[in-house]
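The structure under discussion appears below in the form of structure tokens.
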Amino acid sequence: MRFLSLFAKLVLYFIDQKRVVTISFFRTLLQAFIDPSTLWKATLLTKKKTIQLFLLLTLIISIPFFVAGYQSIRNMNVDAQTVEKRLPAFEIKEGGIVFEEPIDQAIVVRTNTMNLIVDVHNQYEDRLEQRDLENTQVGIVFKENHFLIHTAQIPIQISYENADGLTDQFFRSMLHRFSTVNFVMIVSIMFGSFIPGIIEAAFRYLIFSLAANVLAAFMRLRIPFSFNWRIMMVASVVPTLFFAILNSFYIFPPAQLTILLGICLYMYRKGLISHFKNLN
């Protein structure tokens, strides 16, 4: 808790330095963590501010999803370049595949996300081939009479008779698309990260609010569910940001959600005690 409090003070310092327009809103969120006695102010949040806060927390929760998705794309980029280097030059004509240089043995290239198998002489075992296709995101296979593109467990098989005139340049171009990170891909990763982020945020704060209701009942207090929802969201901002940063560096503390809930409930209890003490 002391470390997270120092973390909040550091962020608060930078906010003061930057003089951002929304300084009062963010300052309130950080101040609530540093001084839980101010946590009751969360109940005064308007509906608009509550939605904004929920979306902010969703974005924070989405950060590890985005980092993992982006890193996966980066890994695929490297793997696509590895596969392209081993892809032999060829042309498909007259119902068969003709290589620029004769292929005597099967070519098998395995990477973390992409596999290439060139087995026109049926030398590679079917069992191994199936395993290689199932254990990767993208698989490209050239057999005696057809080629196969295997993505997301969906095989697309095309006979050479139906691909007359196709050359290795087509596949190199396809691999090049995998090895290029563009704006559309970044937006897709962001959208794909936000969906699980909003689902996790909704589930998380439902559980947190129910836990706050139980704690309030033990304290013989009746707090509206909507108040608990706001309070728990405000209480979780700093620790959620802290854990999101850790997760982005692939550091996953054990029982992370339980720790986060414990921190929020501690702040919740401290905030309620301070608030009702001041009322008396």
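Read the figures in this text as sums done on the coordinates, not as results from a lab. What you are looking at is a predicted structure, and each value in this text was computed from that prediction instead of being measured. No Cβ is skipped: glycine too gets one built from the backbone with ideal geometry, and neighbour counts run over all protein chains shown.
Among what's in the stretch 174-197 and is assigned to a helix (DSSP H, G or I), touching a helix residue (DSSP H, G or I) at 6+ places or on another chain (Cβ under 8 Å) and of a type outside the set (A, V, I, L, M, F, W, C), pick the residue that is nearest to L57 (Cα to Cα).
G197
Filter the stretch 153-168 down to the residues that are outside any strand (DSSP E or B) and in contact (Cβ under 8 Å) with a residue 12 or more places away in the chain and list them by number. Across the stretch 153-168, the qualifying residues are Q153, Y160, E161, A163, D164, G165, L166, D168.
Pull up the stretch 84-106, narrow it to residues that are part of a loop (DSSP other than H, G, I, E, B) and among the hydrophobic types (A, V, I, L, M, F, W, C), then point me to the one that is nearest to the chain's Cα centre (by Cα). Show your work before the answer.
So the first thing to find is which residues in the stretch 84-106 are part of a loop (DSSP other than H, G, I, E, B), and the list is 87-89, 94-95, 100-106.
From what is left, the residues that are among the hydrophobic types (A, V, I, L, M, F, W, C) are 87, 89, 103, 106.
Numbers: L87: 32, A89: 37, I103: 41, A106: 37 Å.
Selected residue: L87.
Evaluating F171 against the criteria (1) over 30 Å from I195 (Cβ atoms); (2) in a strand (DSSP E or B) leaves one unmet condition, (2).
Which one of these is within 26 Å of R204 (Cβ to Cβ), assigned to a helix (DSSP H, G or I) and not aliphatic (A, V, I, L, M): Q52, Q81? Just a single option satisfies the conditions, and that option is Q52. Give me a count of the residues in the stretch 260-273 that are farther than 14 Å from V237 by Cα and β-branched (V, I, T). Matching residues across the stretch 260-273 total 1.
Suppose we filter the stretch 107-152 for residues that are assigned to a loop (DSSP other than H, G, I, E, B), surrounded by 17 or more Cβ atoms within 10 Å (Cβ to Cβ) and over 25 Å from the mean Cα position of the chain (by Cα); how many remain? Walk me through how you get there before you give the answer.
Keep residues of the stretch 107-152 that are assigned to a loop (DSSP other than H, G, I, E, B), which gives 111-113, 119-125, 135-137, 143-145, 152.
Next cut, surrounded by 17 or more Cβ atoms within 10 Å (Cβ to Cβ) only: 111, 113, 119-120, 124, 136-137, 143.
Checking which are over 25 Å from the mean Cα position of the chain (by Cα) leaves us with 119-120, 124, 143.
Residues meeting the conditions: 4.
Checking the structure you have, find out if any residue of the stretch 204-220 is among the charged types (D, E, K, R) and within 30 Å of E129 (Cα to Cα). The answer is no; no qualifying residue exists.
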